[in-house]
Each structure stands twice: as structure tokens, then as C-alpha cells.
Amino acid sequence: MQLVYVFSSKEKPMITPENEGLEEVPGLLEELKKRGVQVELVDTAKLNESEIEKLYLDAVGPSVIKKYRIRQVFGTRRQSAIFFGKKVPALLVYEGNVAIDVYPHQTILGYVTIRDYLKRLLSRLEKEK
């Protein structure tokens, strides 16, 4: 498993439910690194638009397969990825070269944030010890 955290060093995240708990994410990622999880940080401020679009397209696959919403999490009805990795950071979960999950996302029960997923992953790793 590889975690890819997509963020911008130049744009401040929006204050929205899907961004809840972002201040905890760097510490959680560091803790996961210490436990052997492969973590990569991708700063969209250093990428061109086509590189950002490729990452967003990686996120679309799992959202379709798992039937949750990301279009309006990372954008608007008219501009689907305008905030992706900028005003709304993203966490992509890869198995090999294939993205198998993306956070945050919206289910029928509400938002699943990056912090929620990282805390669950840490808890699961603790139990496996």
C-alpha cells in the first residue's frame, strides 16, 4: 500500500466539512511512515495542470467503483476538479500502480475525511501488532 497526499503549499485549504481535521494529517502521515507505510507528499504548486489532472483521474476510478461522490468534494457542478489538491487536499491510496481509494469523499452518510481514514488505518495497524 502507498499513500499519496496531494496538497498545495501556496493555497490555504477551505474551511469545509470535507477538510475537517487537516491540521492532524501531517502528524498522522509521519506516524504511518514510522510503521512502514509508504507515504509520498505531492505539492500541486510544483505541478502543471496536466499532472494535477492525471492525479484527479486516478481518484475517479475508485469513486466510481465504490459508488461515492468526489466531483463536488473537489470542485463544483461545472468544474469538477478545480479545488483538487489545492483548496481541498486529497489522499490517494494505491496498491501497486492502481489507485484503490481516495479521501475525502462523500457517501450517503456524509463525508469521510482524510483524518478519519488515517486514524482508522493507524488503529488497524495497532491491532495487527
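Could you tell me whether Lys119 is in contact (Cβ under 8 Å) with a residue 60 or more places away in the chain, crowded, with 18+ Cβ neighbours inside 10 Å, outside any strand (DSSP E or B) and not small (Gly, Ala, Ser)?
no
For the condition of a type in the set (Phe, Trp, Tyr) and in contact with a Pro (Cβ under 8 Å, 6 or more places away or on another chain), what is the one hit in Tyr117, Tyr111, Tyr94, Tyr103?
Numbers: Tyr117 fails: in contact with a Pro (Cβ under 8 Å, 6 or more places away or on another chain); Tyr94 fails: in contact with a Pro (Cβ under 8 Å, 6 or more places away or on another chain); Tyr103 fails: in contact with a Pro (Cβ under 8 Å, 6 or more places away or on another chain).
After applying the criteria, what remains is Tyr111.
Going by the structure shown, is Leu121 modelled with pLDDT of 95 or more and either of a type in the set (Lys, Arg) or within 11 Å of the chain's Cα centre (by Cα) (or both)?
So Leu121 fails the test.
The values are calculated or read from the model by the stated rules, or taken from the named source; none is laboratory data. Fair warning: this is a prediction, and the values are worked out from it, not measured in the lab. Positions of Cβ are generated from backbone atoms using ideal geometry, with glycine treated the same way; all protein chains shown enter the neighbour counts.
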